[in-house]
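Reviewing the structure listed below.
Values in this text are rule-based calculations from the coordinates and carry no lab data. Just so we're clear, the structure is a prediction, and the values are computed from it rather than from any experiment. Cβ atoms come from the backbone with ideal geometry, glycine included; neighbour counts cover every protein chain shown.
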Amino acid sequence: SSSTRSSKFGTAGVDFEVSIYDTGLSNSKQSVIGIHHCSCSYSVVRAICNIFVLGCGNPDNGANRLSVVHAKVDISREIRELDPIDLNKIHSSPHFTVYVEIEFCPQGCAEPECEPIFFSIPEDSKCVARSNLHMLDSANFTDCLFKIGEDEIKAHRCFLSQHSEVFRTMFSQQSMVEAENGIVEIKDSDYPSVRAMLEFMYCGSTSSIEKNVEGVLALAEKYAIKPLKEFCGSYLALKINTTTIAKIAAIAEMYSSTPLIKRCARYLAENRISVLRSKEWEDLKKQNPELAIRLLELSF
């Protein structure tokens with residue numbers, strides 16, 4: 001097998017290195033990414049680690065992007081190997097780039113607030129997720145119905161109650177109309193958003209938020225589905241750039257997502273000149289000056 005190691009990178013007196021190992025198997029591009037830190041002041045650095053591989057071509061094309069991990073990770077001086085990845089899944093080019101984002105707090109500071117969000121699901125869990133999704137799609141043994149305009153989705157109260165205190169209360173109190181007839185009418189959302197919400201509640205993940213993430217986030221807030229709210233926040237955090245930061249920060253403020261606000265502020269701190277000169281930032285200052293000031297304060 002062979003390996004490639006990055007140059008050192010870091011801040012606050014902590015440097016990191018990332019290595020990528022070829023497994024050595026013939027006719028295979030299966031590889032392992034490892035990470036460790038080079039600091040004498042820490043034994044372990046607890047960090048929110050986001051690593052993904054991007055092939056050449058359109059970055060919005062899902063075939064060009066391969067997520068490795070997005071979770072809280074304990075990084076020590078010894079190389080920590082992450083789950084193997086299959087580079088054959090990147091179809092666009094034999095060339096690729098490994099992107100590493102590490103969020104940590106120096107000694108004496110509070111830990112990052114974000115809970116782990118895993119995009120790489122173990123194979124056994126995928127089987128369970130597929131079975132749960134089949135239950136949703138087949139509508140077998142369903143005992144409630146979502147009505148979104150003229151569209152309908154049948155579901156199971158047990159899944160809804162397990163993941164949402166709002167649904168649990170809704171179906172357990174006989175005084176609630178939904179508990180009596182099992183019908184949940186949603187007038188402030190659309191079918192794709194509700195479908196994505198249900199997919200997440202059944203499977204712990206959904207691939208249906210790219211075009212309607214704000215709608216899904218609104219449902220997560222309305223029905224108090226914290227993991228889904230964090231999932232949407234993590235997705236939006238990956239979309240922050242000079243032209244989107246104002247809109248994403250406004251969404252984060254609307255749905256009280258403190259971790260997402262902080263990610264926007266961090267991007268502003270790292271790209272201050274390009275953001276402050278953008279038309280989107282000028283619009284934000286006019287439309288929501290309080291939010292613009294808050295971002296500036298958090299970025300220092």
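Checked against a 22 Å cut-off, the cross-linked pairs Lys147/Lys222; Lys187/Lys247; Lys8/Lys247; Lys147/Lys247 give Cα-Cα distances beyond that limit for Lys187/Lys247; Lys8/Lys247; Lys147/Lys247.
Considering only DSSP beta bridges where both residues belong to segment 123-231, give the percentage that are antiparallel (nearest 5). Spell out each step's value before the answer.
On the way: 5 of 8 bridges.
The antiparallel fraction comes to roughly 60 percent.
Placing +1 on the Cβ of every Lys and Arg and -1 on the Cβ of every Asp and Glu, with nothing else charged, gives segment 202-258 a dipole about its Cα centre of roughly 40 debye. By the equivalent-ellipsoid construction on the alpha carbon gyration tensor, segment 239-298 comes out with semi-axes of 15, 13, 10 Å, ordered largest to smallest.
The stretch between His134 and Ser19, if pulled fully straight at 0.36 nm per residue, gains 37.5 nm over its current Cα-Cα span.
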